[in-house]
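All of the numbers you see were taken from the coordinates with simple rules; none came from a lab. These numbers come from a predicted model, not from an experiment. FYI the Cβ positions are ideal-geometry reconstructions off the backbone, even for glycines, and counts take in every protein chain you see.
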């Protein structure tokens with residue numbers, strides 16, 4: 001069995017439902033139109049012998065004016081928020097474009113072997129003896145790489161494309177499974193960024209990584 005040892009470690013990687021209170025507030029809030037209708041109804045229904053006091057009427061008009069101004073302000077803020085969000089998204093995409101042709105390490109249960117050595121990593125939560133298995137299409141381990149005792153963090157490893165007997169394997173996609181002290185660990189793969197895109201508000205900016213696919217920008221664990 002071939003054994004590879006390494007101690008290359010870096011720091012660890014680390015549709016909202018509407019609440020009843022919000023729904024209730026939305027259902028009972030008064031719009032500008034409702035306020036105006038209420039004030040008009042009040043004037044129409046007043047006792048001619050006891051008309052609304054002038055100071056009270058002026059106070060109501062002031063409240064109406066304040067409501068109108070507040071709603072206009074909210075409309076402006078909402079529009080500005082959308083503009084700022086779009087500008088920030090554009091800025092993030094442009095800033096991420098310098099990652100094109102760079103290698104990054106991202107979460108992945110697979111690794112792509114194309115004939116040259118492959119770099120991967122394991123996210124170690126609790127210090128311990130770490131090992132990584134490279135799996136074929138049937139789930140059988142073709143190579144086991146022992147990393148030895150690793151501290152918490154992202155522990156990198158390199159696979160030379162050979163099996164446990166030292167024989168080269170066929171090019172293709174292989175699975176990865178890592179463990180430490182009997183506990184499964186998350187695996188990562190290194191790949192070259194080929195493009196940057198935007199996947200909508202739920203995904204945001206993402207990177208197209210060779211051998212892995214589309215990966216959200218915030219999931220990049222390391223830039224090599």
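Computed quantities for the displayed model
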quantity: Three-way shape call for the stretch 98-223 based on the alpha-carbon gyration tensor, with the a/c threshold at 1.5; calculated: oblate
quantity: Rough spin-label spacing in nm, given labels placed 7 Å along Cα→Cβ, for residue 149 and residue 116; calculated: 3.6
quantity: Which of 163, 34 has the fewest Cβ neighbours within 10 Å, and the rest in rising order; calculated: 34, 163
quantity: Sorted by Cβ density within 10 Å, fewest first, the residues 140, 162; calculated: 140, 162
quantity: Full-extension gain in nm, residue 224 to residue 203, via 0.36 nm per residue minus C-alpha separation; calculated: 5.2 nm
quantity: Ordering of 185-196, 89-100 by packing [mean C-beta count within 10 Å, highest first]; calculated: 185-196, 89-100
quantity: Point-to-point label distance, residue 138-residue 158, nm (Cα→Cβ direction, 7 Å offset); calculated: 3.1
quantity: Additional length obtainable on full extension of the chain from residue 34 to residue 173, 0.36 nm per residue less Cα span; calculated: 43.7 nm
quantity: Taking 113, 198 and counting other C-beta atoms within 10 Å, the order from fewest to most; calculated: 198, 113
